[in-house]
Amino acid sequence: MKQANILVTGFAAAGLASAAGAAPVAYTAAHMVDVIAGRVIDNAVVVADNDDGRGRILAAGPAATTAIPAGARRVDLGAVTLLPGLIDMHVHLTGDPTLSGYRGLEFVPSFATVLGVKHAKLTLDAGFTTVRNVGANSLDDVGLKQAISRGDIPGPRIVPATYAIGATGGHCDSTEFPPDVTVPTPGIANGPEEIRAKVRQLRKWGAEVIKFCGTGGVFSKTDTVGGQQYSQAEMDALVAEAHMLGMKVAVHAHGPEGIVAALKAGADTIEHASLATEEAFALAKAKSAWFSMDIYNDDYILAEGEKNGVFPESLEKERAIGRAQRETFQRAVRAGVRMVYGTDAGVYPHGQNARQFAKMVEWGLTPMQAIQAATVNAGEALGRSKDVGALVVGRYADMVAVAGDPTRDVTVLMAPKAVIKGGELVGQAR
Ligand SMILES: [Zn+2]
């Protein structure tokens, strides 16, 4: 969306400062998407128990049959369709696509944190009220989460992974440096025992999900895009440790062998899944795993990558798998693999997260299924169904309002008319 169209109010007062004035609030709208039933309700109301940014839903449904508590403040959003706040399962809030390749080396680490503050606001304004940050340096994602939780800065709810765990020389290592230049690599671990220790350490530092690199990737040097990078024993240990500690596991995996090994180990979400085969589809279904396929960003990377400093070999890799990933997505949808909405925002500009909806529809999902991927499915895949993903009693009053009917035309999701987080109206189009 164009940021100029959004008037953001109340952020300075959000959180602790405004708690004293907190009150129930009833939002009414012409339509509301019930993402669990997969239908649209007309003349709807959602009542939040609080408008302080921490409110949960007291009641939601058709206005005719939903009781609004006496004393509730009423806000009529008008001729819009209300949806649960959107969830992006794969972002890098501190990433900036224009600083690709070696471009980022002229900046100090805290520069990325500052960018994260800007990107968090762009993401919230785009209607994404929850994100899973799957890989950041310097515990940036934990710091952002802390500041957002306190109401210091605007942004989505963040499920942080901290550092992505990976093998020496693999996708999550700093492979762009020559051997005589040593840089810190806090996410690197090799062998089952080191990997278990790394999972424990990241949890201690604030990780709420574990991300690891199961195969090579597009933006790393010295590896192939699909080659497996952790052994079965290493993946088994990582997933077992994370699950024991109550954390889900997201695995970066493009190639078929790595995807299958990660699924066998019990990984919860397969990120990218570009070259997944029928074997992987069957395993994903049997294991109740999710695919999180970033099928929009190829357009951006190929158009802007060279200008942004992306390594020529990375562009070569993207050309090799971009189209293949979309075809895999289509086959996976047909095979009945369950999808969540993950965009890899950060490799393309933040705030454009909703652009992927149209790609998902173009390649096989119905509009309602694409919306479910970014709401109810994502809430379940996060293990946070009690908090986010649907407009039902007890969950956070996180909502986005759009013009028109997103179950017919998902492109309306790219220009939210209002964004509500925890019952608080945090952004509204003029
Ligand atoms: Zn990523």
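The values are calculated or read from the model by the stated rules, or taken from the named source; none is laboratory data. All values reported here derive from a predicted model rather than from experimental measurement. Backbone-built Cβ (ideal geometry, glycine too); neighbour counts: all protein chains shown.
Within region 121-138, can you find the residues that are closer than 21 Å to K221 by Cα and more than 12 Å from the ligand (Cβ to nearest atom)?
N137, the sole residue that qualifies.
Here is a list: E380, E313, E318. Which entry is in contact with a Leu (Cβ under 7 Å, 6 or more places away or on another chain) and surrounded by fewer than 24 Cβ atoms within 10 Å (Cβ to Cβ)?
E318
What are the pairs with Cβ atoms under 8 angstrom where one residue, in region 27-43, is on the phi > 0 side of the Ramachandran plot and the other, located anywhere, is hydrophobic (A, V, I, L, M, F, W, C) and surrounded by 14 or more Cβ atoms within 10 Å (Cβ to Cβ)? Sequence gap at least six, or different chains.
From residues that are on the phi > 0 side of the Ramachandran plot, the pairs are G38/M368; N43/A30; N43/A63.
Please determine whether any residue of region 227-246 is touching a helix residue (DSSP H, G or I) at 6+ places or on another chain (Cβ under 7 Å), buried (at least 24 other Cβ atoms within 10 Å of the Cβ) and modelled with pLDDT under 95.
Checking region 227-246: not a single residue is touching a helix residue (DSSP H, G or I) at 6+ places or on another chain (Cβ under 7 Å), buried (at least 24 other Cβ atoms within 10 Å of the Cβ) and modelled with pLDDT under 95.
Can you name the residue in region 327-345 that is in a helix (DSSP H, G or I) and not basic (K, R) and is also surrounded by the most Cβ atoms within 10 Å (Cβ to Cβ) among such residues?
Selected residue: T328.
Identify, from the list V402, V393, V412, the residue that is surrounded by 22 or more Cβ atoms within 10 Å (Cβ to Cβ) and of a type in the set (V, I, T).
Going through V402, V393, V412 in turn, just one is surrounded by 22 or more Cβ atoms within 10 Å (Cβ to Cβ) and of a type in the set (V, I, T): V402.
Taking the stated definitions as given, is T123 outside any helix (DSSP H, G or I), at pLDDT 95 or above and closer than 23 Å to Q356 by Cβ?
Answer is no for this residue.
Checking the structure you have, find out if any residue of region 93-104 is modelled with pLDDT under 95 and either surrounded by 24 or more Cβ atoms within 10 Å (Cβ to Cβ) or charged (D, E, K, R) (or both).
Among the residues of region 93-104, at least one is modelled with pLDDT under 95 and either surrounded by 24 or more Cβ atoms within 10 Å (Cβ to Cβ) or charged (D, E, K, R) (or both), which makes the answer yes.
Can you find even one residue in region 109-116 that is at pLDDT 95 or above, within 21 Å of V419 (Cα to Cα) and of a type in the set (S, T, Y)?
So far as region 109-116 goes, no, none of its residues is at pLDDT 95 or above, within 21 Å of V419 (Cα to Cα) and of a type in the set (S, T, Y).
Return the total of residues in region 81-120 being more than 15 Å from the ligand (Cβ to nearest atom) and not in a helix (DSSP H, G or I).
11
Suppose we filter region 139-189 for residues that are within 15 Å of the ligand (Cβ to nearest atom), in a loop (DSSP other than H, G, I, E, B) and either of a type in the set (A, V, I, L, M, F, W, C) or over 20 Å from V108 (Cα atoms) (or both); how many remain?
5
Out of A48, A112, report the one residue that is within 26 Å of the chain's Cα centre (by Cα), closer than 30 Å to G217 by Cα and buried (at least 17 other Cβ atoms within 10 Å of the Cβ).
So the residue among A48, A112 that is within 26 Å of the chain's Cα centre (by Cα), closer than 30 Å to G217 by Cα and buried (at least 17 other Cβ atoms within 10 Å of the Cβ) is A112.
Any idea which of D152, D88, D140 is in contact with a Ser or Thr (Cβ under 6 Å, 6 or more places away or on another chain) and more than 22 Å from Y341 (Cβ to Cβ)?
D140
Please verify whether region 268-275 includes one or more residues that are surrounded by fewer than 24 Cβ atoms within 10 Å (Cβ to Cβ) and within 22 Å of A358 (Cα to Cα).
yes
Report, by residue number, each residue of region 295-318 that is more than 22 Å from G364 (Cβ to Cβ), more than 16 Å from the ligand (Cβ to nearest atom) and in a helix (DSSP H, G or I).
Matches in region 295-318: A303, E304, E306, K307, P312, E313, L315, E316.
Out of K198, K204, K211, which single residue is assigned by TED's automatic domain parsing to the domain that holds D140, modelled with pLDDT of 95 or more, basic (K, R) and more than 30 Å from L122 (Cα to Cα)?
K198
Among all residue pairs at least 6 apart or on different chains, which show Cβ distances below 8 Å where the first residue, located in region 248-277, is within 18 Å of V199 (Cβ to Cβ) and the second is away from the ligand (no atom under 15 Å from the Cβ) and of a type in the set (F, W, Y)?
A261/Y230; D268/W290; T269/W290
Only helices (runs of 4 or more DSSP H) wholly contained in region 190-294 count here; list those with 1 or more residues that are within 16 Å of the ligand (Cβ to nearest atom).
Here the list reads 256-265.
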